[in-house]
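S.K.: Mind looking over this structure? Questions follow.
The values are calculated or read from the model by the stated rules, or taken from the named source; none is laboratory data. Remember, it's a predicted structure, so these values are computed and weren't measured experimentally. Don't worry about glycine lacking a Cβ; one is built from the backbone with ideal geometry, like all the others, and counts go over all protein chains shown. Just the protein is used for accessible areas: all its heavy atoms, side chains included, with ligands, DNA and RNA removed. Shrake-Rupley method; radii C 1.70, N 1.55, O 1.52, S 1.80 Å.
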Amino acid sequence: MPTPTPTSPHAATDLAPRLGRTVLYQLYPQSFADGNGDGIGDLAGITARLDYLRWLGVGAVWLDPCFVSPFADAGYDVADFLTIAPRYGTNDDLAELTEEAGRRGISVLLDLVAGHTSDQHPWFTASADDPGDDRYVWSDAPVDGFEPGPGRRGGFYLPNFFPVQPALNFGYARQHPDEPWRSPVDAAGPQANRAALREIMAHWFDLGVAGFRVDMAASLVKDDPGLVETGRLWRENRDWLDATYPGRVLISEWGDPRVSVPSGFHADFFLQFGGDDDGLPLRSLWNNGAGTVQPSWGEVPSWADAEARGDAGTFVRAWEEATGAIAAAGRGGLTGLPTSNHDFTRLVAGARDAEQACAALVLTLTWPSMPSVYYGDEIGMRFVPDTPTLEGSRLNPTYDRAGSRTPMQWGDVPAGRLGPDVAESRYLPQDPDPDRPTVAAQLDDEGSVLHLVRRLAHLRTADPRLDAAADVDVLATGYPFAYVRGGTLAVVLNPGRAAVSLAVPGAARAREIEVRGHSVEGDVVHLDGHGYAVLDLA
């Protein structure tokens, strides 16, 4: 099932109409593939591996920030929004990437860091010297959480995350006479920043980019009860986008699609944080206490564990609430379900191995959300403990993200097999396990994790029953987790180690599409430990 190729490379920018059947692939540019041999992954390396992504069934790729930066936070501290960082290449390299990706039917999304900049951005250095500049949030007197200003104006500025990431001023929803730094949202600085967001997006849209994943999208307007003003800001941007660049998309890092998608985004991910429950829906699926862990999360058994102590019902209820809110808003849009991301533990972590993770991969690629595969999860790469802290990866003693950012494990790929030869990144040390999975080792193994993901990714694109808009009928949320897509496509999943069974109406006459460790007696589906079945009931 080949991925459809647009008639021109720029047809890939028309992503919005096909987002519901698109498999998104998140790649960390510095870790993916090294095109010039300097040890750091780059745009040339990504371009060289586009044939691999097409073969895999990817319809869109999202690149973490690749702009000029001092890299105190791995590029999320942007010093120039309009220029590619030299370690990744040039703006011309980005244009070549979008064109070559488009020829293969793949859309390219960049990461828009909307809420803050680096403290080395010219906007900030100018603001630090000019008491009349309100592009950032400044106070003349010390305020809890503010940092001392480095320039001639003195004073103190508000950071968004690390101290080197001053918050751009989009205003405060509520003012207070004792806190003069609280600009209204229609003040000059906040309005200049809103205009700058559109200028940045337009710049990259004109180079063939199909959309943006927006970092910390909920963080813009401060002290914003219900995120009313933040939602108004993004709806205005969506109106501009639809009128000026129809077909392009905005996907948010908000972690609460119930709120964010009605606020103007085409999609929002369930994440390890966000919403009233601090990301519990996603964590209840994947988080097994290994890798990146926040002490505040507590002990919550995850569904995707061999001990079978969890339940997918928490996730399903959150998905139902979000899709109901999206439908009521009347603008359309999707929830997003990621296998992992650059800030969170990979599926393979701790005691969970690649075999156990397969049920989670099947869920991601068949559930009515936008599936997002984090680079390397398609071969079962693991979270590597004790990876050296690099470029701001450590947030606290139990939350160092470096273990999810290790280099893509290509292995000894035969020359020309996946496109032009490129080197593996050396941005971080490779997984030291001598049995670590590689693309090369799985390329010709139809029973591998790689081929499972490939078959399901192509199925997702080809079968309308797997469109995010197609119906889902949930039969059970435990062990197994079972549901029927589009009326006739049954998915039955068992991440646990013990065998399970469930009656699935119509299973006796079903055609096997993707199965492991399954048998059927009458309409009862039996699954061995770590088994799964995707069955055509039609």
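Yes/no matrix, rows are residues, columns are (1) closer than 20 Å to L285 by Cα; (2) of a type outside the set (D, E); (3) open to solvent by 40 Å² or more (accessible area, probe 1.4 Å):
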{"site": "D471", "(1), (2), (3)": "no, no, yes"}
{"site": "L475", "(1), (2), (3)": "yes, yes, yes"}
{"site": "P480", "(1), (2), (3)": "yes, yes, no"}
{"site": "P495", "(1), (2), (3)": "yes, yes, no"}
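S.K.: Another question about this same structure. Determine whether V472 is modelled with pLDDT of 95 or more and farther than 22 Å from T323 by Cα.
M.R.: no
S.K.: Name the strands (runs of 3 or more DSSP E) wholly inside segment 461-512 in which the number of residues that are touching an Asp or Glu at 6+ places or on another chain (Cβ under 6 Å) is 3 or more.
M.R.: Values: elements: 472-477, 481-485, 489-493, 500-503.
Strands (runs of 3 or more DSSP E) meeting the threshold: none at all.
Residues checked against (1) on the phi > 0 side of the Ramachandran plot; (2) acidic (D, E):
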residue	(1), (2)
P262	no, no
D268	no, yes
L271	no, no
G275	yes, no
G279	yes, no
L282	no, no
G289	yes, no
P295	no, no
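S.K.: Pick from T125, T117, T98: which is open to solvent by 50 Å² or more (accessible area, probe 1.4 Å) and touching a residue at least 12 places away in the same chain (Cβ under 8 Å)?
M.R.: T125
S.K.: Additional query: Being of a type in the set (F, W, Y) and either part of a loop (DSSP other than H, G, I, E, B) or in contact with a strand residue (DSSP E or B) (Cβ under 6 Å, 6 or more places away or on another chain) (or both), is that true of even one residue in segment 288-309?
M.R.: There is at least one residue in segment 288-309 that is of a type in the set (F, W, Y) and either part of a loop (DSSP other than H, G, I, E, B) or in contact with a strand residue (DSSP E or B) (Cβ under 6 Å, 6 or more places away or on another chain) (or both).
S.K.: Take P70 and tell me if it is assigned to a loop (DSSP other than H, G, I, E, B), in contact with a Phe, Trp or Tyr (Cβ under 8 Å, 6 or more places away or on another chain), of a type outside the set (G, A, S) and modelled with pLDDT of 95 or more.
M.R.: no
S.K.: Any chance you could count how many residues in segment 349-404 are under 20 Å from P437 (Cα atoms), in a loop (DSSP other than H, G, I, E, B) and not hydroxyl-bearing (S, T, Y)?
M.R.: So the answer is 10.
S.K.: Among the residues of segment 333-349, write down those that are more than 21 Å from D278 (Cβ to Cβ) and either open to solvent by 40 Å² or more (accessible area, probe 1.4 Å) or touching a residue at least 60 places away in the same chain (Cβ under 8 Å) (or both).
M.R.: Correct list: G333, L334.
S.K.: Is there a residue in segment 55-63 that is more than 20 Å from the chain's Cα centre (by Cα) and either within 22 Å of T389 (Cα to Cα) or not in a loop (DSSP other than H, G, I, E, B) (or both)?
M.R.: yes
S.K.: Now, a different point. For V143, work out the one condition from (1) under 30 Å from D51 (Cα atoms); (2) of a type in the set (A, V, I, L, M, F, W, C); (3) assigned to a loop (DSSP other than H, G, I, E, B); (4) open to solvent by 20 Å² or more (accessible area, probe 1.4 Å) it doesn't fulfil.
M.R.: Checking V143 against (1) under 30 Å from D51 (Cα atoms); (2) of a type in the set (A, V, I, L, M, F, W, C); (3) assigned to a loop (DSSP other than H, G, I, E, B); (4) open to solvent by 20 Å² or more (accessible area, probe 1.4 Å), the one that fails is (1).
S.K.: Then there's this: Of everything in segment 487-535, what is farther than 23 Å from A357 by Cα and of a type outside the set (V, I, T)? Give them in sequence order.
M.R.: Listed by number, the residues that qualify are G487, A503, P505, G506, A507, A508, R509, A510, R511, E521, G522, D523.
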